[in-house]
Structure formats: C-alpha cells, structure tokens
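Colleague: One structure follows; several queries about it will come next.
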Amino acid sequence: METQRLIVDNNVDSEKSYSQAVDLLNAGELVAFPTETVYGLGAIATNNTAVKKIYAAKGRPSDNPLIVHIGTFDELENYVADISDKARKCMDAFWPGPLTMIFKVKPNVLAESVTAGLDTVGIRMPNHPVALKLLQKLGKPVAAPSANRSGKPSPTEGIHVEQDLTGKIPLILDGGATGVGVESTVIDLTLETPVILRPGAITKEMFEKVIGPVKQPTHIEQKQGAPRAPGMKYKHYAPNAPVLLIEKDKNQVASAIQQLQQQGHKVALLAPQDFEQLTPEWFFTLGETQEDMAANLFHALRACDLTTADVVLATVTTTQGVGAAIMNRLEKSAGGKWYKLK
Ligand code: AMP
Ligand code: MG
C-alpha cells in the first residue's frame, strides 16, 4: 500500500486533504492525524473491520483497548451509559484537551475491538485544530491510539508516523509537531475515588482543584496490582538501545559517560540543554522546563534510533505536575533500570 503524507495548514488545498481523509475513513481505512498530545491512528469507532486494521498496522496486542475521539460534547451520551457529576466537571474544565475519561460503555454501539472486551470505554475530545476539523467534518467517533508501531515511542511529528507505518496505512495528515508531546491523561471516573491510570498534561493537582481527591499510583504500584488499563503491562517507548536513568547531576552524568566509554560503549545522552558541554557520542536536548521535556522526550528517544549508540542515558525529573507523566514514560522506556556508578 502506498502511504501519502499531506501537509495540512491554512491553504485551500487542505480542504481536499480533509475530504480525502473523511472518504478513506468512511471506506473503512485508517488515517493518521495530529492531536495536541501525539499523532493518532484513526478508524471509525463503530466499524469493527476498520478498527481491527489499527491493531494489525501497529502490531498492537488485541487486549489493549483504544481511546475514542469525539469532535463535539453532545456525542458523548451516544456511547456511554452514565455521565457522573465529576465527569461533567472535568469536561467543563479540560475538554477539548489532553484528557481521556473512562466511562461505562453503552452496549452494542461501538465496535467490539475498541473496548477489547471491557465494559468501559475511554473517550477524549482533543484540542488540535486538525483533529477537531477532521472529527467534525466526519461527524463520527474515531478510535485512535498513538500512530506508532507498538512498543516504540509515540510520534510527535508526521515524519515519525511515516517512519513507523509507511506501506501499512494510506494517509497521514501532517500538521507539524504536536504541542504537549506526551499522551493524554487517562482517568477512571467509574470508581468512588477517581484513579489516574496514565499521567499526562492534566495533572493530579489540576484534577483535585476541580473534583477533590484523586489517586495516582506510581508506575511500580501499578505493576504490582492487576492492570486496570491493559496498556500498562506492555513494554513501551523503547528505542533500540537500552535506556538507563540517571539523576540530573552533571558530575554523575560525566562519570557515567566516562565509565561507559571506557567499557567501549557508544553513548547517547538525553538531558537538559546545559548538559551539552559533556562528551557523549550523541546529545539530544530535553530543553529547560518540564513542558519542554514532555514536548522533546519522544523526539529524543526516536533520534537515538538514527544513531549507532548502544546505550542511552536519560536524566530524570521530579514527579510534581507534568513530571509524573514524564517519569512514567521514562521509567517504561528504561524498563525501570538505572545506571549504577562504579
Ligand atoms: P494509546 O494506545 O497509546 O493511545 O494508549 C491508550 C491507553 O488508554 C492505553 O494505555 C489503554 O490501555 C488505555 N485505555 C483505553 N481504553 C481503556 C479502558 N476502557 N479502560 C482502561 N484503559 C483504557
Ligand atoms: Mg501508544
């Protein structure tokens, strides 16, 4: 299959690209599109044959459910059995935006493989002009996980989607680099005290101002319990070379690089901009602030695959605010491993 990547911006030709995307989706095909978090790989969420193509294109395990994207608030009640007060407050505060809410699903409306056998469904209204325009023109719900091969870092640029899915999907709408850079926060509102299943740009602190206490289990706590979000149990975000975490301390990082190089390793370093003066074989910046770090992380992890580095060192951050989301992705990409200084 030939894969087209079409730039969508404010020029007239973009209208043709949107029409092409809508036609492909209506014909049961897949279309990748930008959202404010990462690129999504979409299929119409009521078409089971189309949704199954997502699992095939990504190589995604079939027990890992998909998030359903909607373009208007009104559609929500078509797909979910009950909208609680807390859910309404979150919608008012954070939609459209980088938030997925888990609801009890209305039976027999969405394709079976969207929910992967669960009685719940994750729904989000994204806040990206291209995603919203596509959803509103289509007027149907779109099931969309991140548009990467399963296990790889999520795509934050159209070209990342092309690298992973060329030949497997007909169309990528390219709207440039995404803003947030990490996937949406997933919160389960079907529980007495809501639980954050995946941290993201909408933080625990932000929820608590709107709906009171919420739980945010750490990555380790999540691994110990039964997985509530099936995605939690899979390897994720990994470049080809192993990733090792390290404190954000220049002396420690300098020693680690030296020790690894003495053992004959070629090192890629992911760290804040002011670590550039150190001497790894490759340096990829994570920027200055936590927002920069979220936006740059997947790009940096993917960049490692374009080098011949055989080990990746990545500096950590705190788990305050969006740091929780960054650390969640970093810990998964490293499989929880840290560099141990000799
Ligand atoms: P991605 O495929 O990268 O967009 O990630 C989607 C995430 O949402 C995965 O971690 C899924 O396991 C999670 N998810 C989707 N639907 C549900 C659901 N009904 N219940 C719990 N987690 C869900
Ligand atoms: Mg994903």
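The values are calculated or read from the model by the stated rules, or taken from the named source; none is laboratory data. All figures in this text were calculated on a predicted structure; none of them were measured in a lab. For neighbour counting, all protein chains shown are included, and Cβ atoms are generated from backbone atoms with ideal geometry for every residue, glycine included. Please note that ligands, DNA and RNA were not included when accessible areas were found on the heavy atoms of the full protein model with its side chains. Shrake-Rupley method; radii C 1.70, N 1.55, O 1.52, S 1.80 Å.
Colleague: Within the stretch 265-342, considering only strands (runs of 3 or more DSSP E) that don't extend past its boundaries, which have at least 2 residues that are among the aromatic types (F, W, Y)?
Modeller: The qualifying strands (runs of 3 or more DSSP E) are 282-285.
Colleague: Quick one: in the stretch 171-187, of everything that is over 24 Å from Y18 (Cα atoms) and in a strand (DSSP E or B), which residue is farthest from ligand 2 (Cβ to nearest atom)?
Modeller: It comes out as I187.
Colleague: May I ask you to list the residues in the stretch 146-168 that are in contact with a strand residue (DSSP E or B) (Cβ under 7 Å, 6 or more places away or on another chain), within 11 Å of ligand 1 (Cβ to nearest atom) and open to solvent by 10 Å² or more (accessible area, probe 1.4 Å)?
Modeller: The answer is S146, and nothing else.
Colleague: Give E15, E77 a once-over and let me know the one that is under 26 Å from G179 (Cβ atoms) and away from ligand 1 (no atom under 13 Å from the Cβ). Break it down into steps so the answer makes sense when it comes.
Modeller: Details: E77 fails: under 26 Å from G179 (Cβ atoms).
Result of the check over E15, E77: E15.
Colleague: Also, quick follow-up: Considering only residues of the stretch 132-158 that are within 14 Å of G71 (Cβ to Cβ) and in a strand (DSSP E or B), which is farthest from ligand 2 (Cβ to nearest atom)? I'd like the intermediate steps shown before the answer.
Modeller: The initial filter retains those residues of the stretch 132-158 that are within 14 Å of G71 (Cβ to Cβ), namely 132-144.
This time we only want the ones that are in a strand (DSSP E or B), so: 142-143.
Working: V142: 15, A143: 13 Å.
Among them, the one singled out is V142.
Colleague: Exactly one of (1) charged (D, E, K, R); (2) within 10 Å of ligand 1 (Cβ to nearest atom); (3) closer than 17 Å to L135 by Cα is unmet by D63. Its number?
Modeller: That leaves (3) as the condition not met.
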